[in-house]
1. Within the chain, what is the longest stretch that has no chymotrypsin sites (Phe, Trp or Tyr not before Pro) placed in a DSSP loop and near at most 11 other beta-carbon atoms within 10 Å?
2. As a test question: what accessible area, to the nearest 10 Å², does Asp765 have when a 1.4 Å probe is rolled over all protein chains in place?
3. To the nearest 0.05, what FRET efficiency results for Asp90 and Ser200 with a Förster distance of 22 Å applied to their C-beta separation?
4. If amide hydrogens are placed 1.01 Å from N in the peptide plane, which non-local residues have theirs closer than 5 Å to the one on Val779?
5. Probe 1.4 Å, all protein chains in place: accessible area of Thr679 in Å², nearest 10?
6. Nearest 5 is fine: what % of DSSP beta bridges in the chain come out antiparallel, could you say?
7. Quick one: what are the phi-derived ³J(HN,Hα) couplings along region 503-516, Karplus 6.51/-1.76/1.60 with θ = phi - 60°, whole Hz, x for glycine and proline?
8. Give me the orientation-averaged projected area of the Cα convex hull of the chain, in nm², one decimal.
Amino acid sequence: MRILRNLIFAGLMVTGAHLALAQTSAVVHLAVQSGNGQVSCICFTATLQQFQPISVKATDANGNPVANATVTWTDLSGQLNMGAATTTTDGTGVATEPFTFTVFNNFTSTGIPYDIFNIQASSNNQSVTFTETQSLVTSQGASVIAANSPQFAGALLADANLTANVGTTLATPIQTMVAGLNTASNGVPNVSIRIFNLQSSPQLTCAYVGGYSDPGSVLSDAHGNTSCYPVFSGSGSGSFYVLVGGVPGAGDIATALYLQAYGPYNFTSNPGVPASFQIVSGNNQVGSIGQLLNPLVAKLVDANGNPVQGKTVTWTVVPAGAVGLTNGNTVTDNNGQVTQSVSLDLLASAGAAITVSLQSNPSISATFQETVQGALTALNKISGDKQTAQVGTAYAAPLVVQVVNSNGPVANYPVQYLVSGPVSLSSSTAGTNANGQASVTALAGTLVGTATVTAIAGSLTASFTLTVSSTPTGPSPNGLTIISGSNQSAMPGAQFGQPLVVQVNSASGPISGYTVNFSTTGPVSLSTAAAVTNSSGQASINVSAGNAAGAGTVTAAITGYQAVYNLTVTSPGPQITAASFLNAASRQQGQLSPCGLAIVTGAGLTPDGISDYTLAPIVGRYPKTVHNLSITFGGIAAPIVSVAMGATNPEVTLQVPCEVAPASSVPVVVTVNGGGTATANIPIYAVSPGIFQQVMSDGVSRAVAVRADGTFADIGGSTSYDPTNPVRLGEEVRFYVTGLGATSPQSVTDTIEDPSSYLFQVENDVTGTMAAGLPGTGVLLQNVSAHQAPGLIGVYEVMATIPSGAPTGSNIPLYIGITPAGSSTITWSPNSSIPIGQ
């Protein structure tokens, strides 16, 4: 059978082929960029009738693209016509390979329903594998491979209401199954499923779930099943198709290539709460009177940086009349952007401030600064002229000028700088501050001589004369010693607590007046690039932390000697809100109760990186601290079950301490790496039932249900290893739930119930009144009771009898409820489902 032969051949090629060595050692990661999972078919239903080129992206250790890297392409199947054995990455790190397959017999047979081809791309010992499929056709000309209509939450996608806030990743996936006739009926693996949007914004994409899928797509598993978790971006209403085995087009479904396309489907991405404006373009322009400037563009975003659509904004000008506006109010588009065109008036000669603000909350605003050219009256030198510095060292004082017009100093005016001679500047442009002053720093070059730096503002100029001198004579250095400042840490954006002090030594003692140069690696910045030693032979500089966490170094150097300081920028700490807390079984936001299991999700919860993610112990109690991560509820430490990556952020599964009293606001403190902390106040309810689910043999999640014989209920599959095993009418069944609250005897945090409790009939029974039912049928389960699940922490075992009059089927809805002791109100879990048989 050809499909098996191809796979065996691919395996032999992987283990035995001598692939060409990569040419670029900078490549440390190779990722699929496009083209994986294609299904070509020469049939009337498919628009992808020949394979499209495939591509990979090469990046270095910092995640930056690597240009001019050699990528080797190997046809592991031995049946394709490859474009070239090697290609080279472009400026974006992408390398592309075309390939074709000649179909000699396009008709399917029982043994050969389709062909599978594997292509390996490799560079610098990094590799990825593409899987491409050629579907053959039936005698009627139809593809032997086909996907079922997309499903969502057990129903057709066409019947679903896909609505969420911008930036959300749905916990429920869009699901399909790719299968076909004959051998293909077992499911076709490695077929891509992607979302094709009919508008630039808003958009849905499939969350990345690993493997070799194209960005924004997923691949079918060994049984042909796919799960695409939709990610919402942009805001507003839009439409999309689901493409099977294809590649995207250019915004029109007519341009897309695919085996099948389902849709269009509608969705809505709700804008978040406006938090701030970002200036996109048009700031700090200088023009003549009456001139129409380039458009001013601002973007309204929420707290997570997502665009906010459909909000009315107001434009104001100070001084009034300094610029002409095309319109006073505008509404943010689907990208959260508003645009304004302005023309300058003479009143703008001192500078005009154009502010865009949210009409409903004017405190959310951004201000553009614009100025009339040629209206300046003076450009004054303030400091920095006629300085001298040794070769390779920084000048002691910055070069400062002041821009003035008839009304005084001019703020936010761009000053240009030109250099002639052996000097370099920190920047070629600087904007004036509130005092009208602009500043740059200068560094002496390697040649002795004189340099001129000219500042230019409009038609005005000011010149600085700088001298580069040779290194002074005196004792020769014989060493460079760190005095203080190494092995410090600081939060992002903060200055390190101690200056870096280094001492230049000689045989005669410390050397004064000697220039020490400083350089950096990593996320740190220097107050100056050079410093001169004092009378004690010591030079000192200050260092600030950058915006990203990580290790950095500062190297102090003189001719022949250097000293290295090690510095650390620590994690900025976790980012959580009340919405970060989920019921561990149902994933409902905010549904937590004492002793129950919960999930905390948010950025910054894994201080030591992905390699330190932690799974629950096989046996034993749960730790209170995992890799310097700890969480307290009302000051009580929570046992941590696991730390793992969710769809978008790290997720910490934990037990809410049993000692926490239910309240409308309980402070939860998350501490990361011993320093970064975050606090959120959340409600803790007496009960918050959620039913644990498992993925059954058909790929659908249903309630975990244990039958009377100890077997797990299952819908059943196609082999003897996963037989059909529904719960039965009249049978006592055990379900597993979290959030049932208090028990008697009271359960204790991070402990299991007394292993001998069943002998004395003193199991940790819930104190509330239990109920369970089959919603939509009017049927309630019988003999419902619950206690702490034997051997499990934070989990309750609910026992109930399936009534003889219950409906049967594969997806019978189920919910479980509890009325807390002392209350008359029942709280129901979200619906799950179970298979029920006769």
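1. Result, exposed sites excluded: 105-720.
2. The value for Asp765 is about 60 Å².
3. That pair, Asp90 with Ser200, gives E of 0.35.
4. Leu774
5. Thr679 exposes around 80 Å² with every protein chain in place.
6. 90 percent
7. So the Karplus estimates, Gly and Pro as x, are 10, 8, 10, 9, 5, 8, x, x, 9, 8, x, 9, 7, 10 Hz.
8. With every direction weighted equally, the projected area is 46.3 nm².
The values are calculated or read from the model by the stated rules, or taken from the named source; none is laboratory data. Values in this document were obtained by computation on a predicted structure and should not be read as measured data. For neighbour counting, all protein chains shown are included, and Cβ atoms are generated from backbone atoms with ideal geometry for every residue, glycine included. Ligands, DNA and RNA are excluded from the accessible area calculation, which covers all protein heavy atoms including side chains. Shrake-Rupley method; radii C 1.70, N 1.55, O 1.52, S 1.80 Å.
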